[in-house]
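In what follows, a single structure is set out as structure tokens and then discussed.
Bear in mind these aren't lab numbers, they're just calculated from the coordinates by the rules spelled out. Please read these numbers as outputs of a predicted model, since none were measured by experiment. Every residue, glycine among them, receives a Cβ derived from its backbone with ideal geometry; neighbour counts consider all protein chains shown.
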Amino acid sequence: MTGRITDARAFGRVAVLAGGWSPEREISLQSGANVYNALLRRGVDAEMLDIDRADLLGDRLAGFDRVLNLMHGRGGEDGTVQALLDLRGLVYPGSGLAASALAMDKLRSKRVWRDAGLPTPAFAAPATLDEAMEAGAAIGYPLFVKPVADGSSVGISKVHAAAELEVAFAEAARYGDVLMEAFAAGRELTCTVLGGEALPLICIEPDGAFYDYHAKYLSDATRYLCPAPVDADLTRRVQTMALQAFAAIGARHWGRVDFMLDAEGAPQLLEINTLPGMTTHSLVPMAAAAVGIDFDALCWRLLELTMEESP
């Protein structure tokens, strides 16, 4: 991790980007407002911008020295904004164009992990319902059907039998290409990566059959156990695997890697989130708090990570 900064003036003017045009727009606005207010409390010269497509090509970002991007989902998390910020010479914490695009594509990131020898549940990418039926028979039920390139559990369904597949496939296809993934029967764990370090694991006990949009953002009944109640050996295995998965796609600075334990208790990689939420229900702030980093300090730390890229 880069050296610690004590004077907010070192960061210059900071734009906090939020909103966007993905299905995760409302969550992005919540994340952006939380981070913006935290930076103000620390004396940072920050401004929050609700961004649309035209803003990225206009002069609204002129006059800023660095950017903290909280535009979750397509447009903000898939390399689009990252490419434009790179062209403008604006530094930002988080993964660059290539890693952002790869992580957003659940299918291709799983292929990268598989080729790197990292475990991930069996998967398929059917283009039609007939192909989905064939994949379902090969993978076995229950299984998950989800969009390849959206986050926040948008469009995801747990399918218990072939009779449920048509509706689930249609729902995921509303958002683009479809991914089918084998169900891992154990606990769900997530590991935050911050500045090259793996933070304490969080065990998620969702309100409902799985960790869907309702359980993630709306429910107060979903439980988050941090540090996760797993033994030290498994904790180290998951943390090491999170760092390996992060490195395999070329991610940097911060992110969150999600796992499921299979029936034998072995961790299986699900996906990587290169632009995690910063809401009251979000997991990165929870993991940071477990090692004594409060929310304001976490936001400050993200800006510190940009200093290593300053001219």
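Hey, can you rank 159-170, 82-93 by average C-beta count inside 10 Å, highest first?
Final packing ranking: 82-93, 159-170.
Per the helix-only calculation at 222 nm, which mean residue ellipticity applies to the chain, given -39500 (n - 2.57) for every DSSP H run of n ≥ 4 and division by its residues, nearest 500 deg cm²/dmol?
Helices in the chain give a 222 nm mean residue ellipticity of -10000 deg cm²/dmol.
Work out from phi, with θ = phi - 60° and the Karplus expression 6.51 cos²θ - 1.76 cosθ + 1.60, the ³J(HN,Hα) of each residue of region 303-308, listed in order in whole Hz, and give x for Gly and Pro.
Residue by residue, region 303-308 yields 5, 4, 5, 7, 5, 5 Hz.
Would you work out the charge dipole size for the chain about its Cα centre, treating the Cβ of every Lys and Arg as +1 and the Cβ of every Asp and Glu as -1, and quote it to the nearest 20 debye?
With only Lys, Arg, Asp and Glu charged at Cβ, the dipole is about 660 debye.
Quick one: which residues, 5 or more positions from S95 or on another chain, have an amide H under 5 Å from its amide H? H modelled 1.01 Å from N in the peptide plane, none for Pro or chain starts.
R252, W254
With charges set only on the Cβ (+1 for Lys and Arg, -1 for Asp and Glu), what does the dipole of region 8-93 come to about its Cα centre, in debye to the nearest 20?
300
So who's got an amide H within less than 5 Å of the one on L118, skipping anything under 5 residues away but keeping other chains? H placed 1.01 Å off N, in plane.
none
Treating the beta-carbon of each Lys and Arg as +1 and of each Asp and Glu as -1, no other charges, what is the dipole magnitude of region 123-182 about its Cα centre, to the nearest 20 debye?
The calculation lands at about 200 debye.
Given H placed on each backbone N at 1.01 Å, which residues far from M278 in sequence or on other chains put an amide H within less than 5 Å of it?
Here S31 satisfy the definition.
Dividing the alpha-carbon radius of gyration of region 129-183 by 2.2 N^0.38 Å (N being the number of residues), what value is obtained?
0.98
Find the relative contact order for the chain and round it to a whole percent, using C-alpha pairs within less than 8 Å whose residues are 6+ positions apart.
20
In whole Hz, what ³J(HN,Hα) sequence does region 59-75 give by Karplus (6.51, -1.76, 1.60; θ = phi - 60°), x for Gly and Pro?
10, 5, 8, 5, x, 9, 9, 8, 10, 10, 8, 10, 7, 5, x, 4, x
Rank the residues C203, C299 as a footprinting-exposure proxy: fewest other Cβ atoms within 10 Å of their Cβ go first.
Going from sparsest to densest Cβ surroundings: C203, C299.
Using all Cα-Cα distances in the chain, what percent lands in each 10 angstrom bin from 0 up to the longest?
Spelled out per bin, shortest first, that is 6, 28, 36, 22, 8, 1, 0.
Using the Karplus curve 6.51 cos²θ - 1.76 cosθ + 1.60 with θ = phi - 60°, what ³J(HN,Hα) values do you get for each residue of region 253-260, in whole Hz, with x for Gly and Pro?
Calculated HN-Hα couplings, in order: 6, 8, x, 9, 10, 9, 9, 10 Hz.
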